[in-house]
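Notes to accompany the following structure.
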Amino acid sequence: MTANGILQLALFLVLVLLLTKPMGAYMAAVFEGRRTWLSPALRPVERFLYRIFGVQEDEDMRWTTYTFAMLMFSVVGGLASYALLRLQGVLPFNPQHFTGREMTADLAFNTAMSFTTNTNWQNYVPEAVVSTFSNMVALASHNWMSAATGIAIAIALIRGFSRHSVDGLGNFWVDVTRATLYVLLPLTTVMALVLVSQGVPQNFAPYAQATTLEGAKQVIAQGPVASQEAIKMLGTNGGGFFNANSAHPFENPTPFTNLLEMLAIFLIPAGLTHTFGKMVGNTRQGWAILAAMTFMFVGGLGVCTWAEAGGNPNVAKLGVMTTATPGQPGGNMEGKETRFGIANSALFATITTAASCGAVNSMHDSFTALGGLVPLLNLMCDETIFGGVGAGLYGILMYAVIAVFIAGLMVGRTPEYLGKKIEKYEVRMAILAVLILFANVVLWTGLGANLELSPGKDARTFADAAGGEEAAFVKAHPTAFWNHYNNSSPSTYYGATYNNVNNSGAHGFTEILYQYASQTGNNGSAFAGFTGNTPYYNLTGGLAMLIGRFLMIVPLLAMAGSLARKRVVPASAGTLATDTAIFAVLLAGVVLIVGALEYFPALALGPIVEHLQMIGGSLF
Amino acid sequence: MFRQMRPAVVSVLAFMVLLGVVFPGAITAVSQVAFRRQASGSLIERGGRIVGSELIGQRFSSPGTFHPRPSAAGDGYDAAASGGTNLGPTSRKLVEGIRDLAAAYRAENRLREGAPVPADAVTRSGSGLDPDISPANAELQVARVAKARGLPEEAVRRLVARNTRGRQFGVLGEARVNVLLLNLALDREAKLPG
């Protein structure tokens with residue numbers, strides 16, 4: 001780790017902490033319905049939207065109505081995206097003339113669910129499959145809507161704590177609209193323009209045709225990248241305009257855009273901790289949560305940077321420089337960009353997985369074993385380390401409830417949090433959400449690592465011409481269809497679902513585990529060598545994302561409803577103070593023990609074994 | 001409950017139009033006026049022909065040019081199919097691939113067997129379109145390029161230095177050399193023979 005590397009990591013952290021307070025205070029004003037400096041411009045738009053939506057601005061919703069509205073918003077959005085993706089061949093803004101056949105039913109399902117749930121998992125190569133129209137309307141619009149949904153839910157949960165003796169949690173439509181107009185829109189506009197100034201393209205032209213200096217043809221994919229890139233980061237969505245995501249020089253051309261993109265990921269999640277403190281009337285409560293998040297984040301960041309800067313001993317043996325010198329980066333540069341080097345790649349990887357963003361500026365699949373363990377572990381912490389926009393706050397509050405419950409058990413008192421008694425119902429809902437997420441990862445992974453669809457262990461590939469032979473094969477192996485690569489020619493039937501991995505040995509298992517952890521955590525980053533574009537993985541992945549999003553949200557909104565109805569209990573000498581450093585440590589400990597340690601057996605089979613193999617020099 | 005249906009349908013429609021069409025349209029309009037070159041992909045023209053983008057790496061293999069990093073995008077530097085190898089640290093394919101790339105790098109730059117090779121020179125980037133190489137990588141290629149162009153090494157080294165960008169604002173990222181810009185500068189200095 002170089003001195004400049006450490007300086008860059010520190011600079012990022014300082015900037016995040018400096019931005020937390022102004023961002024958080026602004027969002028508190030927005031969601032408490034106060035006037036902000038943008039109100040003169042945006043208030044008329046806001047009112048117009050309520051009128052066409054048919055929404056009464058002052059209608060307070062019970063948790064059930066709030067949940068129903070949120071689900072309807074997501075269902076309608078998801079279905080609309082599915083339809084638009086399937087129809088992209090006949091829709092406008094299709095400069096590359098994609099026929100629409102690339103978007104098979106199962107791929108469109110996976111993609112629509114992915115963007116609706118703020119996951120942005122991509123089982124396809126965007127520049128080769130998705131038209132400009134699909135990118136903008138079917139996908140990028142969800143980057144806004146799913147982010148606004150996340151923020152709305154976090155705000156509803158905060159109101160569960162800040163209100164008392166009432167049924168209402170606020171109005172979902174108002175929260176979503178205000179999150180979009182007052183929070184996302186101004187930030188995204190500024191960021192998009194700064195990105196363009198640094199070199200991110202923003203046009204509707206067909207792909208450029210270049211003749212290189214050596215006379216070869218080079219087709220350069222582009223499009224309205226900057227407008228999508230900005231919301232992709234600010235909304236912690238992470239779905240790339242290009243396959244290489246933020247490693248692509250058009251998505252992330254300079255170290256400055258890289259810093260900006262990393263800050264954009266953490267800006268709203270960090271700010272929301274302060275919004276929380278403001279709205280519950282004690283900003284120290286927010287700082288305690290931010291401290292717990294930062295503590296976990298810095299630990300992961302240290303390990304990841306150290307592992308990547310150390311490099312791969314199997315590569316060092318070949319005479320490749322794995323120690324940094326003033327003229328070259330050293331470390332593990334496979335899958336990393338020269339302009340970012342080691343420190344910015346490890347930092348980006350830790351941020352994007354902690355915050356459930358899922359954009360990548362380097363290929364996690366090619367990280368060293370321990371360098372790849374950190375992003376995976378971040379995913380397994382259920383969006384508590386800053387987390388997705390909104391999702392991070394409701395994720396950590398879920399664990400705060402569990403933490404005060406555990407502390408209450410230790411001293412034998414009914415636990416309280418923010419003046420609310422935490423009783424059986426709240427704890428049940430929090431634990432239910434934790435268990436659903438855990439089961440969703442390990443069960444799908446277990447199935448994926450073992451399921452023997454025909455033809456079993458040996459994949460079969462058919463060349464183009466062998467049409468008759470392929471048809472006979474499909475007839476003889478009825479389950480082979482479920483794990484065949486969509487639209488490839490020659491077409492491949494993978495058979496057993498563990499054949500879709502790109503790497504053998506423990507790393508292959510990690511690819512499957514990472515996939516479901518990423519989808520459950522609504523992250524969207526990948527060990528991207530894995531071939532997911534088969535009906536089996538498109539369908540199970542789509543389900544994993546839906547479960548990871550909505551079966552976490554619904555129990556939490558139920559908990560919020562129950563909390564809002566409670567009376568406030570005055571603090572007594574026996575009340576556990578939750579605005580202290582001790583509570584921050586307790587909270588981080590509970591996340592690691594309850595949320596992450598349950599995955600230890602799976603991690604032992606994957607990255608931990610792989611690390612031992614890596615330093616032992618075993619290759620697969 | 002079903003009162004929520006209308007807002008759901010209307011809001012999704014409205015947001016898709018406003019955020020999916022109007023917003024990118026407005027950003028495009030402003031960008032094309034304020035930052036025309038960047039917004040159009042930072043394309044470079046020479047003699048009225050587009051030769052590439054400043055930001056996108058392209059393949060160079062002749063001895064008189066600086067070579068970029070190896071690429072895993074499509075068949076190499078396919079700017080419509082970006083991506084890396086996604087090979088993990090215990091992959092035989094990765095290690096054998098790097099071994100072969102290192103051997104080839106040493107051979108073309110006349111380095112002794114086993115000589116240390118910069119990390120970026122023999123690993124494939126995440127995008128497969130990395131436009132840059134490290135300064136150390138460029139330095140090791142200077143002798144070869146100078147010989148092929150019939151230029152003194154010092155002249156080539158000066159061009160490398162002029163096309164080396166340090167850390168942005170002195171702090172951010174890593175120092176790097178843009179290969180396409182450097183080779184264009186070389187062509188201006190001394191045309192390749194033949």
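Bear in mind that the values in this text are calculations on the coordinates, not laboratory data. All figures in this text were calculated on a predicted structure; none of them were measured in a lab. In this analysis, Cβ positions are derived from the backbone assuming ideal geometry, glycine residues included, and neighbour counts consider all displayed protein chains.
Filter A:K278/A:K420; A:K232/A:K420; A:K21/A:K232 down to the pairs with a C-alpha to C-alpha distance above 26 Å, please. With Cα atoms farther than 26 Å apart: A:K232/A:K420. Note on A:I153, A:I396, A:I593, A:I608: ascending count of other Cβ atoms within 10 Å places them as A:I593, A:I608, A:I153, A:I396, the fewest first.
First check a/c for region A:415-578, with a ≥ b ≥ c the square roots of the eigenvalues of its C-alpha gyration tensor; if it is under 1.5, answer rounded, and if not, answer prolate when a/b is larger than b/c or oblate otherwise. Don't skip to the answer; put the middle values down first.
Numbers: a/c = 4.16, a/b = 3.29, b/c = 1.26.
The shape class here is prolate.
Express the relative contact order of chain B as a whole percentage, based on alpha carbon pairs under 8 Å and six or more residues apart in sequence.
Numbers: 236 pairs, mean separation 38.5, N = 194.
Value for chain B: 20 percent.
If you count the DSSP beta bridges with both ends in the protein assembly as shown, what percent of them are antiparallel, to the nearest 5? Among the beta bridges of the protein assembly as shown, antiparallel pairing accounts for roughly 95 percent. Positive contributions from Lys and Arg (+1) and negative ones from Asp and Glu (-1), summed over other residues with Cβ under 15 Å from the Cβ of A:Y494, come out at -3. On full extension, the segment bounded by A:F620 and A:T323 gains 104.4 nm, given 0.36 nm per residue less the C-alpha separation.
In terms of its Cα atoms, chain A spans 75, 57, 54 Å along the principal axes, sorted from long to short.
Angle, helix A:581-590 long axis vs. longest principal axis of chain A, Cα atoms, 0 to 90°, nearest 10? Tilt of helix A:581-590: around 40 degrees.
Computed on region A:415-578, with alpha-carbon pairs under 8 angstrom and 6+ residues apart, the relative contact order is 33 percent. So which lysines can B:K147 reach, going by Cα to Cα under 19 Å and dropping same-chain residues fewer than 8 places off? Excluding near neighbours in sequence, the set is B:K191. Put a dot 7 Å past the Cα of A:N450, heading toward its Cβ, do the same for A:I593, and the two dots end up 3.0 nm apart.
Would you work out if region B:1-112 is rounded, prolate or oblate? Take a ≥ b ≥ c from the square roots of the eigenvalues of the alpha-carbon gyration tensor; rounded if a/c is under 1.5, else prolate when a/b is larger than b/c, oblate otherwise.
Verdict is oblate for region B:1-112.
The residues neighbouring A:N522, those whose beta-carbon lies less than 9 Å from its own, together hold a net charge of 0 under the Lys/Arg +1, Asp/Glu -1 convention.
Per-residue Karplus couplings for region B:144-160, computed as 6.51 cos²θ - 1.76 cosθ + 1.60 with θ equal to phi - 60°, are listed in order as 4, 5, 4, 5, 5, 8, x, 10, x, 4, 4, 5, 5, 4, 4, 5, 4 Hz, Gly and Pro entered as x. The share of Cα pairs per 10 Å bin across region A:94-202, counted from zero up to the longest distance, runs 13, 32, 30, 18, 6, 1 percent.
Find out how many positive minus negative residues lie around B:G88, taking Lys and Arg as positive, Asp and Glu as negative, among other residues whose Cβ is under 10 Å from that of B:G88.
Values: positive: B:K93; negative: A:E334, A:D365, A:E511, A:E610.
That works out to -3.
In this label model, A:A105 and A:L409 are separated by 4.7 nm, measuring between points 7 Å along each Cα→Cβ vector. So what is log10(I(q)/I(0)) for region B:1-40 at q = 0.16, 0.18, 0.26, 0.34 1/Å, when the Debye sum runs over its Cα atoms only? Debye curve over Cα of region B:1-40, log10 I(q)/I(0) at q = 0.16, 0.18, 0.26, 0.34 Å⁻¹: -0.52, -0.58, -0.79, -0.97.
Computed FRET efficiency, Cβ-Cβ of A:R34 and A:R284, R0 25 Å: what is it to the nearest 0.05?
Details: r = 22 Å, r/R0 = 0.87.
Rounded to the nearest 0.05, the efficiency is 0.70.
Given R₀ = 25 Å, FRET efficiency for A:F48-A:F204 by Cβ-Cβ distance, to 0.05? Computed FRET efficiency for A:F48 and A:F204 comes out at 0.35.
What shape does region A:1-134 take by its C-alpha gyration tensor, where a ≥ b ≥ c are the square roots of the eigenvalues and a/c under 1.5 counts as rounded, a/b above b/c as prolate, and the rest as oblate?
Since a/c reaches 1.5 but b/c is at least a/b, the shape of region A:1-134 is classed as oblate.
Helix A:225-234 and the longest principal axis of the C-alpha atoms of chain A enclose an angle of approximately 40°. Axis angle, to the nearest 10 degrees, between helix B:5-17 and the longest C-alpha principal axis of chain B: 40 degrees. Site pair B:L13 and A:V298 shows an inter-label distance of 5.2 nm when each label is modelled 7 Å from Cα along Cα→Cβ. Over chain A, Cα pairs under 8 Å with separation of 6+ residues give a relative contact order of 19 percent.
Split chain A at each of the GluC sites (Glu not before Pro) in a DSSP loop with at most 16 other beta carbon atoms within 10 Å, and the longest piece is A:215-422. Centre-to-centre separation between the Cα atoms of region B:1-57 and those of region A:355-395: 28 Å.
Cα centroid separation, region A:401-441 to region A:242-294: 27 Å.
Looking at region A:525-620, which trypsin sites (Lys or Arg not before Pro) are in a loop (DSSP not H, G, I, E or B) and have at most 10 other Cβ atoms within 10 Å? When the trypsin sites (Lys or Arg not before Pro) of region A:525-620 are filtered for loop state and at most 10 Cβ neighbours within 10 Å, A:R567 remain.
Could you list the residues of region A:100-118 with an amide nitrogen less than 17 Å from a label point located 7 Å from the Cα of A:V219 in the Cα-to-C-beta direction? What the label zone holds, given the 17 Å backbone N cut-off, is A:100-103.
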